[in-house]
Amino acid sequence: MNSEIKLRKAESQDRDLIWEIIQQAIERRRQDGSTQWQQGYPNLGTVETDIEKGFGYVMTVDGEIAVYTALILNDEPAYSTIEGAWLSNGEFVVVHRVAVDEKFAGRGMVKKLFDHIEDFTREQGIQSIKVDTNFDNLAMLRILESKGYSYCGEVFLAGGMRKAFEKIIF
């Protein structure tokens, strides 16, 4: 049986579940020995702002929220200064705050999320996707490599250096 997987904008009534999913992800990062997300970011205010500004997105499986992310168009001030070089200077989608509900962990959900983000980017007529992650987030680094993202250099974000990646969609 195939599950129905959709990407949609997060709504205010999703807030508490999204925050629970992010807290699970924060704990997973800690257990993995990562420094990412261990200094009070992201927090509930981050989620509320994402939803208010229309940045928050959820990927659902048969109507149940499985993954949360923020998709921001053409706006990440930290990306204007990169130690390295982006592949393009056109319009881009920024991917931030990817978090998977524990119930869906280990099922390839983030790879499916990136497929949906690529579709979203194409539908918007946007040239590329830019994303950063912590140097010790091995799972995300593997996913970005497997999805064909190019390492572009490092950016300073959320109090630390992050590995920056880009994928040209068209």
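Contact map, region 145-170: first residue without any contact (Cβ under 8 Å) to a residue 40 or more places away in the chain and closer than 18 Å to D115 by Cβ, second residue open to solvent by less than 30 Å² (accessible area, probe 1.4 Å) and not in a strand (DSSP E or B), Cβ cut-off under 6 Å, separation 6 or more or different chains; pairs are K147/F114; F165/L144; F165/Y149.
Among the residues of region 72-91, none qualifies, meaning not one is within 16 Å of R8 (Cβ to Cβ) and surrounded by 13 or more Cβ atoms within 10 Å (Cβ to Cβ).
Taken together, the residues in region 144-159 that are charged (D, E, K, R) and either surrounded by fewer than 16 Cβ atoms within 10 Å (Cβ to Cβ) or closer than 19 Å to Y57 by Cβ (or both) amount to 2.
Look at G106 and say whether it is within 17 Å of I21 (Cβ to Cβ), in a loop (DSSP other than H, G, I, E, B) and out of contact with any Phe, Trp or Tyr (no Cβ under 7 Å at 6 or more places or on another chain). Answer is yes for this residue.
Would you confirm whether any residue within region 28-49 is among the aliphatic types (A, V, I, L, M) and open to solvent by 80 Å² or more (accessible area, probe 1.4 Å)? No; the residues of region 28-49 include none that is among the aliphatic types (A, V, I, L, M) and open to solvent by 80 Å² or more (accessible area, probe 1.4 Å). Of all the residues in region 103-143, those that are closer than 21 Å to F156 by Cβ and surrounded by 15 or more Cβ atoms within 10 Å (Cβ to Cβ) number 10.
Please find, among V98, V94, the residue that is of a type outside the set (G, A, S), open to solvent by less than 20 Å² (accessible area, probe 1.4 Å) and out of contact with any Cys (no Cβ under 6 Å at 6 or more places or on another chain).
Numbers: V98 fails: open to solvent by less than 20 Å² (accessible area, probe 1.4 Å).
That would be V94, the only listed residue that is of a type outside the set (G, A, S), open to solvent by less than 20 Å² (accessible area, probe 1.4 Å) and out of contact with any Cys (no Cβ under 6 Å at 6 or more places or on another chain).
Kindly provide the set of residues from region 50-59 that are out of contact with any Asp or Glu (no Cβ under 8 Å at 6 or more places or on another chain), open to solvent by 10 Å² or more (accessible area, probe 1.4 Å) and not aromatic (F, W, Y), ordered by number. Walk me through how you get there before you give the answer.
Residues of region 50-59 that are out of contact with any Asp or Glu (no Cβ under 8 Å at 6 or more places or on another chain), as a first pass: 50, 52-55, 57, 59.
Applying the additional criterion that residues be open to solvent by 10 Å² or more (accessible area, probe 1.4 Å) yields 52-55, 57.
If the condition is that a residue be out of contact with any Asp or Glu (no Cβ under 8 Å at 6 or more places or on another chain), open to solvent by 10 Å² or more (accessible area, probe 1.4 Å) and not aromatic (F, W, Y), then E52, K53, G54 are the ones that fit.
The values are calculated or read from the model by the stated rules, or taken from the named source; none is laboratory data. Just so it is clear, the model here is predicted, and its values are computed rather than measured. Note that we place each Cβ from the backbone using ideal geometry, even for glycine, and neighbour counts take in every protein chain shown. In case anyone asks, the SASA skips ligands and DNA or RNA and just uses the protein heavy atoms, side chains included. Shrake-Rupley method; radii C 1.70, N 1.55, O 1.52, S 1.80 Å.
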